[in-house]
Amino acid sequence: MRKISFTLIFVLCISVLSKAQTYQNLWIPDTLNGTEFNLTIKDTIKQLRTGNQTITGGINGNFWGPTLFINKGDTVHMNVRNKLNDSTTIHWHGMHLPAVMDGGPHQVIPPGTLWQPYWMVKNQAGTYWYHPHLHEMTTEHLTKGIGGFIIVRDADEAALALPRTYGIDDIPLMVTSRRYDANNQFLFNNVAYGDYVLTNGTPNAQVSLPKQYVRLRILNAETERGYDLGFSDNRTFYIIGNDGGLLNAPVPVTRVKLLVGERVEILVNLGNDAIGSTLDLKAFNSGQAFGFPGGEPATSGQFGSLLNNVDFPILRINVSATSANAIKSLPTSLVNNTYWTAADATVNRAIAVTGGQPGPNSAPFSFDNKSFDLSYINKTVNLNSIEKWTITNSNVFGHTFHIHDVEFKIVARNGSASAVGAYESGWKDVLYLPRNENATFVARFDDYSDAIHPFMYHCHFTNHEDGGMMGQFVVTGTTGINNDTKSNLGFTVYPNPVKEKLFLKINDAKSTAYYITIFNLNGKALIMLPQPEIVKGIDISSLAKGAYILQMMDKETKSISVQKFIKE
Ligand code: C2O
Ligand code: CU
Ligand code: CU
């Protein structure tokens, strides 16, 4: 008897220990600051499970990428190097910028090419992200782990008593899950849901957080799964920010749904927790209404998963000592947002979720029965127009709706303004569209027009988006540039040969360089410069010695001219 209980205690101790040992410390992405950012996308490997390493993709690292801190009002320059064997794109999700800089499916970065977009940061302080967006390849590239956070700072946010010490009391959390094959490699074909959670790429993640108010910036970077977030003790926490920045005031909740592509900033008070105590951030995904992505009962197969229709942990929090400059109270108000209302809109549009009907003629999900076509412009929006878009989902399943270029205000759900949740009352760029519901938002399409490069709207379930549940719009209108007919764009380059900076002299003063691409003599694009700032010269110092072709496209006529130069 005594022997048995000893054995029992021994076994219990071992199992408690081994359970504790399964936690791994949460990886916090490195940070990059300033106005110029070097991002190198590459294939790499990471030890995620016992046994084989997993082939992953990363930006400057081996899964996910650095968090970019940028300031409102700054002009930021990105040097994106694609070292994959595949073409890809990098989209700046949530950023308000010119379409040609947006990184959607049209701004392809071939392997070995440097893409150099830049823009002035006009977004409010908030949590944004960057990720691949090559049509039909988004799921694969995102599954590898390519992506990262963008945190915008501004004066309004800086003036508030909010936690903002990155990695201490201000934590970015990218939540996703993966399915593995027998060799520990990621599966993504016909896999809507992963089986194992990765929080910032860390399996079974734990983190020590100080005994005070802590800010979590949570991003759902899944393929399809939604998360109904909350804490293991069901405590109240506070929503302070949506996709496009801070709310007017914190909104208390015990649960918040976060669908793919959405971000939420929350404050959670650990000030009353004992040092050494633990708390779990969890997904309370069991018992969701039919059509919630990840609520399906199956545990395997295309739409099944070990995480479906269950509650599961995302992050173990170990409460530790209070840090310096701790935030110990909740702000009563945040920022003064002036939102668009339905009455501001002068154009109304309706979009319907289509396809996906069960049965023998089942088509992939789409919008308005038109599957995505790179060469078809679905909508034309006038610059500066304030528009009201109603998206209707009469479908069997829940979806999301994301739009590029703008942040919007949700003004109604199912026709009712009061049905819009306080938790989603801020600026948004993704919304959840449950089955048999519709949602209406208002946005102003200001600052950027471009008749050639469109912006996207799509379901952010990447498998749906890859399957054609996407459309595109151009914003057209005058931006003060005259439309006189131009002669064909001619130019010369100097100095030639050149070592570092190449300058251009454009013959017709009315011409503007819209796009410059530098090719080698085999026709491979090496550097792509959307709307280059040619007065500063073009930095070609990264090119090997040899002959190159510089191709320039004129902004108005879109005509193309080329010049040869020698790098020495
Ligand atoms: Cu997060 Cu069209 O993208
Ligand atoms: Cu986007
Ligand atoms: Cu969808």
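The values are calculated or read from the model by the stated rules, or taken from the named source; none is laboratory data. From a predicted model like this one, the values you see are computed outputs, not experimental measurements. Every residue, glycine as well, gets a Cβ built from its backbone with ideal geometry; the counts of neighbours run over all protein chains shown. Note: accessible area is taken over every heavy atom of the protein model, side chains too, but ligands, DNA and RNA are not part of it. Shrake-Rupley method; radii C 1.70, N 1.55, O 1.52, S 1.80 Å.
With protein chains left intact and a 1.4 Å probe, residues in region 491-567 average 49 Å² of accessible area per residue. When peptides 382-395, 497-510, 287-300 are sorted by average Cβ neighbour count within 10 Å, with the highest value leading, the order is 382-395, 287-300, 497-510. Taking a ≥ b ≥ c as the square roots of the eigenvalues of the Cα gyration tensor, an a/c ratio of 1.5 or more together with a/b larger than b/c marks region 63-124 as prolate. For the chain, the longest principal axis of the C-alpha atoms and the axis of helix 2-21 are separated by about 20°. Rounded, prolate or oblate for region 25-320? Axes are the square roots of the Cα gyration tensor eigenvalues, ordered a ≥ b ≥ c, and the cut-off for rounded is a/c under 1.5. Since a/c reaches 1.5 but b/c is at least a/b, the shape of region 25-320 is classed as oblate.
Residues whose amide H comes within less than 5 Å of that of Trp27, counting only those at least five positions distant or on another chain, are Thr202 (H built at 1.01 Å from N in the peptide plane). Here the Karplus curve 6.51 cos²θ - 1.76 cosθ + 1.60, taken at θ = phi - 60°, turns the phi angles of region 398-408 into couplings of x, 9, 10, 9, 10, 10, 7, 6, 10, 9, 10 Hz, with x standing for Gly and Pro.
The lysines within cross-link reach of Lys211, meaning a Cα-to-Cα straight distance under 30 Å and a gap of 8 or more places when in the same chain, are Lys19, Lys257, Lys282, Lys328.
In deg cm²/dmol, rounded to 500, what helix-only [θ] at 222 nm does the chain give when every DSSP H run of at least 4 residues adds -39500 (n - 2.57) and the total is split over its residues? That comes out to -2000 deg cm²/dmol.
Here the 3J(HN,Hα) profile of region 69-78, calculated from phi with Karplus coefficients 6.51, -1.76 and 1.60 at θ = phi - 60°, is 9, 10, 10, 4, x, 7, 9, 10, 10, 10 Hz, Gly and Pro shown as x.
The smallest convex shape that holds all Cα atoms of region 491-567, its convex hull, gives 79 Å³ per residue.
Taking only protein heavy atoms and a 1.4 Å probe, what accessible area per residue, in Å², does region 25-320 have with all protein chains in place? If you can, show how the numbers build up before the last one.
Details: 9110 Å² over 296 residues.
For region 25-320, the solvent-accessible area averages 31 Å² per residue.
Residue by residue, region 556-568 carries 3J(HN,Hα) couplings of 7, 8, 6, 6, 10, 10, 10, 9, 8, 9, 10, 8, 10 Hz when phi is fed to the Karplus relation 6.51 cos²θ - 1.76 cosθ + 1.60 (θ = phi - 60°); x denotes Gly or Pro. Shape summary of region 129-169, radius of gyration then Dmax from alpha carbon positions: 15.5, 43 Å. Straight-line reach from Lys370: taking Cα to Cα under 19 Å and skipping same-chain neighbours fewer than 8 places apart, the lysines in range are Lys379. Please work out whether region 153-250 counts as rounded, prolate or oblate from its C-alpha gyration tensor, where a ≥ b ≥ c are the square roots of the eigenvalues and a/c under 1.5 means rounded, while otherwise a/b larger than b/c means prolate and anything else oblate? Taking the square roots of the gyration eigenvalues as a ≥ b ≥ c, region 153-250 is prolate. Directionally averaged projected area (the chain, Cα convex hull): 30.1 nm².
Taking every DSSP beta bridge that has both ends in the chain, the antiparallel portion is near 75%. Across the alpha-carbon set of region 342-476, the Rg to Rh ratio works out to 0.96, Rh being the Kirkwood radius.
Give me the percent of the accessible area of the chain that comes from carbon and sulfur atoms, probe 1.4 Å, all protein chains in place. The nonpolar share, carbon plus sulfur, comes to 52 percent.
Using the Cα centre of the chain as the reference point, and only Cβ charges (+1 on K/R, -1 on D/E), how large is the resulting charge dipole? Debye, rounded to the nearest 20.
Values: 47 positive and 48 negative charges, 221 e Å.
With Lys and Arg at +1 and Asp and Glu at -1, about 1060 debye.
The convex hull built on the alpha-carbon positions of region 42-175 has an orientation-averaged projected area of 9.0 nm².
Which entries in Lys388/Lys558; Lys501/Lys545; Lys42/Lys555 show an alpha-carbon gap greater than 21 Å? As for pairs spanning more than 21 Å Cα to Cα, those are Lys388/Lys558; Lys42/Lys555.
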